[in-house]
Amino acid sequence: DTACKNRPLDLVFIVDSSRSVRPEEFEKVKVFLSEMIDTLDVGEKTTRVAVINYASTVKVEFPLRTYFDKASLKQAVSRIEPLSAGTMTGLAIQTAMDEVFTEEMGTRPATFNIPKVVIVVTDGRPQDQVQDVAASARTAGIEIYAVGVDRADMQSLRIMASEPLDEHVFYVETYGVIEKLTSKFRETFCAGNACALGTHDCEQVCVRNGRSYLCDCYEGYTLNPDKRTCSAVDMCTPGRHECDQICVSNNQSYVCDCYEGYTLNPDKKTCSAMDMCAPGKHDCAQVCLSNDGSYSCDCYEGYTLNPDKKTCSAVDMCVPGRHDCEQVCVRDDPFYSCDCYQGYTLNPDKKTCSRAITSSLVTTEESCKCEAIAALQDSVTSHLEALSTK
């Protein structure tokens, strides 16, 4: 039995029957479809098949809900007639999304997790905008294979196909050899493409590797030693983050934070020191000294910092060694002034002292007595001089 026994598909063939495809060539396309059907495990609960025929118009030959056995499918394929004119490939893909890949037309519900696959067969260049339509289909979970024949535009095939392109874009020189693609698709849909069919045991991402596959993980996860399951990566391990100071893990991602005394910059990565001496940020009683994101307290002149390193007490400036008074220091917190002992007077420098000069105050009466005594002394002196002369 050459049929694919792996996971079922909802498979839609979109075949070009424009004027460039001659009648005998279109018959070759139908042979290709029939041979493809033979390789599939067709059935209501396995692989369902639909065919869309297109040229300048689009015709749903039969949807996914119509035939569930190979004989009926192949007979329906044999009755398909070419439409001629135009190549509206984008319209055909849009029709597949709107009219075939619906539960009413036989597509299994999303909860069944059955792959939705399109195979486009064409020999020309699309005459409509296929890029956006194909992108929408891929976004909706539809895997697109593009088969080009003869004059087919390779760039258009690559635009509509799913990634990786080397596994989703095929080309043959003529319709006469299109049947050789049957084995390629069998390999793709069966053992060779466990990723597409879901027959792998990868927890998160399956990567095709020739006829086998490898497991991988989503961003933020790392593959476990069993090579199948994934564990969340600690994004805060060295080398994984861009935080300047502190990295905080946050659901397979991270956010940055800063040390105390620093604030996060607008780039959400680097930190800048805060002015810890701004009003309200410190508890210094007198002077705050900023120090790279921290601070220390100090005191005004004449005060000293208490053991709590915050408050200040006035210094006794008159203790020996703290003042420069020559004789007497008078405390005047937090300052001082100088004075002198009795009998001394303070010099202009306000520090040193000099002995005081005493003066007697003479009264008027005493002054008169002094004058009388002086006159008497003068008179006696005159008499003595006169006697001395005789």
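The values are calculated or read from the model by the stated rules, or taken from the named source; none is laboratory data. Note that this is a predicted model, so its numbers are computed, not measured. Here the Cβ is made from the backbone with ideal geometry for all residues, glycine too, and neighbour counts use every protein chain on show. Just the protein is used for accessible areas: all its heavy atoms, side chains included, with ligands, DNA and RNA removed. Shrake-Rupley method; radii C 1.70, N 1.55, O 1.52, S 1.80 Å.
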Among (1) open to solvent by less than 50 Å² (accessible area, probe 1.4 Å); (2) of a type outside the set (Asp, Glu); (3) farther than 30 Å from residue 322 by Cβ, which single condition is residue 302 missing? (3)
Only one of 59, 74 that is in a strand (DSSP E or B), closer than 26 Å to residue 176 by Cβ and charged (D, E, K, R): 59
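Out of the residues in segment 205-228 that are in a loop (DSSP other than H, G, I, E, B) and open to solvent by less than 40 Å² (accessible area, probe 1.4 Å), state the one that is nearest to residue 46 (Cα to Cα).
Looking at residues that are in a loop (DSSP other than H, G, I, E, B) and open to solvent by less than 40 Å² (accessible area, probe 1.4 Å), I get 217.
Can we say residue 75 is without any contact (Cβ under 8 Å) to a residue 24 or more places away in the chain, open to solvent by 10 Å² or more (accessible area, probe 1.4 Å) and of a type in the set (S, T, N, Q)?
Yes: the conditions hold for residue 75.
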Do we have residue 297 as part of a strand (DSSP E or B), touching a Cys at 6+ places or on another chain (Cβ under 6 Å) and surrounded by 15 or more Cβ atoms within 10 Å (Cβ to Cβ) here? yes
From the set of residues in segment 305-348 that are within 30 Å of residue 277 (Cα to Cα) and at pLDDT 90 or above, which is surrounded by the most Cβ atoms within 10 Å (Cβ to Cβ)? 312
For residue 136, are the conditions met, namely being in contact (Cβ under 8 Å) with a residue 12 or more places away in the chain, open to solvent by less than 50 Å² (accessible area, probe 1.4 Å) and in the same structural domain as residue 49 (by the TED database)? no
Which pairs do you get when a residue that is more than 26 Å from residue 302 (Cβ to Cβ), found in segment 337-356, comes within reach of a residue that is among the hydrophobic types (A, V, I, L, M, F, W, C) and crowded, with 16+ Cβ neighbours inside 10 Å, reach meaning Cβ atoms under 7 angstrom, with the pair 6+ apart or on two chains? 344/353; 345/353
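Every residue, every condition in (1) modelled with pLDDT under 90; (2) of a type in the set (Phe, Trp, Tyr); (3) in contact with a Lys or Arg (Cβ under 8 Å, 6 or more places away or on another chain), yes or no:
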site: 123; (1), (2), (3): yes, no, yes
site: 129; (1), (2), (3): yes, no, no
site: 141; (1), (2), (3): no, no, yes
site: 186; (1), (2), (3): yes, no, no
site: 195; (1), (2), (3): yes, no, yes
Of the criteria (1) surrounded by fewer than 20 Cβ atoms within 10 Å (Cβ to Cβ); (2) at pLDDT 90 or above; (3) part of a helix (DSSP H, G or I), which one residue 111 fails: (2)
Which of (1) farther than 29 Å from residue 165 by Cβ; (2) part of a helix (DSSP H, G or I); (3) not hydroxyl-bearing (Ser, Thr, Tyr) is the odd one out, the single condition residue 68 does not satisfy? (2)
